[in-house]
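Trainee: Sharing a structure with you now.
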Amino acid sequence: MELSEYAGALRRHWMLIVIITLLGGLVGFGVSQLAPRMYKSTSSVFVSTQQGNTTTELVQGSTFTQNLIQSYAQLTKLPSVLDPVITKLDLATSAQDLATSISVDTPLNTVLINITVANGSPAEAARIANAVSSSLAVTAQALSPKAANGSPAITMQQVAEAQPAVGPFTPNTRLSAATGLLIGLILAIVYALGRQILDTRVRTDADLRRISELPLLGRISDRGRKERRQPLFQAAPYGTQAESFRRLAANLQFMNPDSTVRSVVVTSALPHEGKSTTAINLSLALAERYARVLLVDSDLRRPQIAYYCGIEGGVGLTTVLAGSAELAEVIEPWGNIHVLPAGIVPPNPVQLTTSEAMAATVKTLTEDYDIVVFDSAPLLPVSDSLALTRITDGALVVLKSNSTRRGQLRSAVDAVEAVNGHVLGLILNRVKDSKRHAKYGYEPEIKSASGAIHSAAAAPTNSVEEQVKAESSS
């Protein structure tokens, strides 16, 4: 994946990232509010030696004391020091449990021992710290070597008395909230990027390039659900979606300068990807470039063309293939194009589409019309369309943006290539464009003979040339 795709994933999920980040901060804040308040108090003990009258003896005594400092620090947490504290203060705990709340620090190159006690009560923490300092002094002096006069060689004196803390040292509300925000942000980013990496749905041109080198001939913007079944050249002939089909028609016309495309199959990997409406709108766009355009409903399982076009579909392609009618009898004009409905749904659609009668019909239609567009069944659920990709110039595979998966498209293309069929290119349908692009378009006004001004959308069957002539004559 490219850096721009990672950035796009974060941009698409920005709201989710913000929500998860804020939830992380709220969780951190909540945890800090529920956590018990703990206070610290520290007392300091100075360790010295009483031996030595000369400078040399004093230095030796100081060195001796520093060497014992760490041992005295460890002594602070032993029962010999803590048991007297528990008895003196009447604490309901054991020496082992009390030791877990005590920390001892001996600053480097000093003879100081700092004793810190953590407790839920600031006054109790100070009281215990001072008691431990006193007990340590007594115990250490009892264990130290004796001087010639019988006095302890080491003395300890409390130089800093522990005071009740003003505020708790834990929980740190700001730190907990900031930590929660950071953890939430990291989790949200990981989720967004992970979803982008694991999600195989086709969204962009880069997704298509990962599958094959087939050209993307068209990107069709999404319309509202109510407008999807109405042909664009009737609903909005000058909107951005209609221009997308005009661009698709131009790409199809000039994709191979050495061989003109005369017949094309519009299909898809799966159902409900917009192949039928794409075939209709593509035919209407091609009618602006060709004089005779035919739209054939060759989806003999779920034909939709007659329904979308509002024409009679009781007779059609299946009637011709069965030998019950001639082509001229079932082809109907519709606007600037001709339409051949599917007819009655047969019990054997695969046999019909792979028959010699179907091949002969395709050849006849290609000779009679400038270009023929076949709306055919999806490639993965059934094999009806595979034969058509061999007897026509090729297939246009329609993909539904943010729905069709890369593996499904790859399987569909492989199925066509396996039967020596040909895929002309891909069409990415229902693309979510920005509102700025979606609203760009124009509706030229045409003045009628009576002088009334109306929109060009009111005359959907007119070609671009006819509408320009109408404007010039007015």
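Laboratory data are not the source of any read-out in this text; all were calculated from the coordinates shown. Everything numeric here is computed off the predicted structure, so don't read it as measured data. Heads up, the Cβs are rebuilt from the backbone with ideal geometry, glycines too, and the neighbour counts pull from every protein chain shown.
Trainee: Once you have the Cα-Cα distance between Gln70 and Thr100, take 0.36 nm times their residue separation minus that, and quote the gain in nm to one decimal.
Mentor: 9.0 nm
Trainee: Then there is this: If you stretched the chain out fully between Asp370 and Phe169, how much longer would it get, using 0.36 nm times the residue separation minus the C-alpha to C-alpha distance?
Mentor: Contour length minus the Cα-Cα distance gives 63.9 nm.
Trainee: Identify, among Pro347, Ala250, Pro333, the residue whose Cα sits farthest towards the positive end of the charge dipole of the range 205-442, taking +1 on the Cβ of Lys and Arg and -1 on the Cβ of Asp and Glu, with the dipole about the Cα centre.
Mentor: Positive-most Cα among the choices belongs to Ala250.
Trainee: Now a separate question. Which of Ser151, Ser134 has the fewest other C-beta atoms within 10 Å, and how do the rest follow up to the most? Numbers along the way, then the final one.
Mentor: Working: Ser151 12, Ser134 17.
Listing Ser151, Ser134 from fewest to most nearby Cβ atoms yields Ser151, Ser134.
Trainee: I've got another one for you. Fewest to most neighbouring Cβ within 10 Å: what's the order for Tyr238, Tyr72, Tyr369?
Mentor: Values: Tyr238 17, Tyr72 24, Tyr369 21.
So the residues, fewest neighbours to most, are Tyr238, Tyr369, Tyr72.
Trainee: Now for a separate question. Using a 10 Å cut-off on Cβ atoms, rank the peptides 77-89, 398-410 from the highest mean neighbour count down.
Mentor: 398-410, 77-89
Trainee: Same structure again: Can you sort Ser376, Ser259 from fewest to most other Cβ atoms within 10 Å of each residue's own Cβ? Display every interim value, and only then the final one.
Mentor: Working: Ser376 29, Ser259 8.
Placing the least packed residue first, the sequence is Ser259, Ser376.
Trainee: Alpha carbon centre of the range 165-190 versus the range 245-309: separation in Å?
Mentor: Taking the Cα centre of each part, the range 165-190 and the range 245-309 sit 59 Å apart.
Trainee: Another question, then. Can you bin the range 342-397 into rounded, prolate or oblate? Criterion: square roots of the alpha carbon gyration tensor eigenvalues sorted a ≥ b ≥ c, rounded for a/c under 1.5, prolate for a/b above b/c, oblate for the rest. Display every interim value, and only then the final one.
Mentor: On the way: a/c = 1.79, a/b = 1.29, b/c = 1.38.
Judged from the Cα gyration tensor, the range 342-397 comes out oblate (a/c at least 1.5, b/c at or above a/b).
Trainee: Roughly what % antiparallel, to the nearest 5, for the DSSP beta bridges in the range 205-442?
Mentor: Of those bridges, close to 10 percent are antiparallel.
Trainee: Using Cα pairs closer than 8 Å and at least 6 residues apart in sequence, work out the relative contact order for the range 205-442, in percent. Spell out each step's value before the answer.
Mentor: On the way: 444 pairs, mean separation 74.6, N = 238.
Relative contact order here is 31 percent.
Trainee: Let me ask you something else. Translational D (Stokes-Einstein, µm²/s) of the range 1-45 at 37 °C and 0.692 mPa s when Rh comes from the Kirkwood sum over C-alpha pairs?
Mentor: In µm²/s, the coefficient rounds to 231.
Trainee: Which order do the peptides 290-302, 120-132 come out in when sorted by mean C-beta neighbours inside 10 angstrom, highest first?
Mentor: Sorting 290-302, 120-132 by mean packing, highest first, produces 290-302, 120-132.
Trainee: Between Ser259 and Lys432, what length comes free when the chain is fully extended (0.36 nm per residue of separation minus the Cα-Cα distance, one decimal in nm)?
Mentor: Gain in length upon complete extension: 58.9 nm.
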